[in-house]
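The structure under discussion appears below in the form of structure tokens.
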Amino acid sequence: MSHPHHNGQYVRKVVLPSGRSIEVVYYESLPEPAPVQAPLDDLHICPECDRTLVFPVEWEEVSPTHWEVLLRCPNCEWTEVDTFDQPTVDRFDEKLDIGTEILIRDLKRLEQANMEDEVERFVRALGADAILPEDFA
């Protein structure tokens with residue numbers, strides 16, 4: 001769930017596997033809504049649900065200048081196979097790289113939060129004498 005703020009930030013509430021919830025603050029603005037009809041060169045935008053989640057399932061070079069790509073949207077399960085020119089595929093690949101960087105950044109933030117939670121539990125267990133030498137054997 002996202003909560004927009006007036007200063008260009010937005011907060012996403014994340015529930016960790018431990019059950020603890022955290023709020024992750026994003027300092028970039030929320031993405032603008034996608035146009036109703038996505039242009040052909042915006043392969044990352046689903047033409048059915050307008051989400052920017054489309055990814056390639058398969059792609060194969062069909063000529064020196066064109067690629068056949070099987071696209072899929074995980075939001076609405078839309079799929080399509082089509083042939084695209086090299087510049088279009090290059091732009092799509094750049095969008096995928098940006099998405100990967102965002103996922104890695106978010107993963108690192110979640111890992112940090114999880115580690116902080118584990119350290120807090122370990123410190124509480126130490127304070128309660130709940131950890132014995134036998135626990136490390």
key: Placed amide H near residue 53: partners under 5 Å, 5+ positions off or other chain   = 46
inquiry  = As an exercise, take the mean of 1/r over every pair of distinct alpha carbons in region 38-137, invert it, and state the Kirkwood radius in angstroms.
reply    = 16.9 Å
task = Find the centroid of the Cα atoms in region 45-77 and in region 90-137, then give the distance between the two in whole Å.
result = 32 Å
message = I'd like to know which of 74, 127, 92 lies farthest towards the positive end of the charge dipole of region 73-137, counting +1 on Cβ of Lys and Arg and -1 on Cβ of Asp and Glu.
response = 127
task = Scale the Cα Rg of region 56-107 by the rule-of-thumb value 2.2 N^0.38 Å and send over the ratio, two decimals.
result = 1.26
inquiry  = Taking θ = phi - 60°, what integer Hz values does the Karplus form 6.51 cos²θ - 1.76 cosθ + 1.60 yield along region 111-122, in sequence order, with x for Gly and Pro?
reply    = 4, 4, 5, 5, 5, 4, 5, 5, 5, 4, 5, 5
inquiry  = Expected output is a single nm value to one decimal: the length gained when fully extending between residue 126 and residue 114, i.e. 0.36 nm times separation in residues minus the C-alpha distance. What is it?
reply    = 2.5 nm
ask   = For region 78-88, what does the Karplus curve 6.51 cos²θ - 1.76 cosθ + 1.60, with θ = phi - 60°, yield as ³J(HN,Hα) per residue in whole Hz, taken in order and with x for Gly and Pro?
value = 5, 9, 7, 10, 8, 10, 10, 6, 4, x, 5
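Throughout, read-outs are computed from the coordinates displayed, never taken from laboratory work. Quick caveat, the model's predicted, so the values are computed rather than measured. Here Cβ is always computed from backbone atoms with ideal geometry, including for glycine, and neighbour counts include all displayed protein chains.
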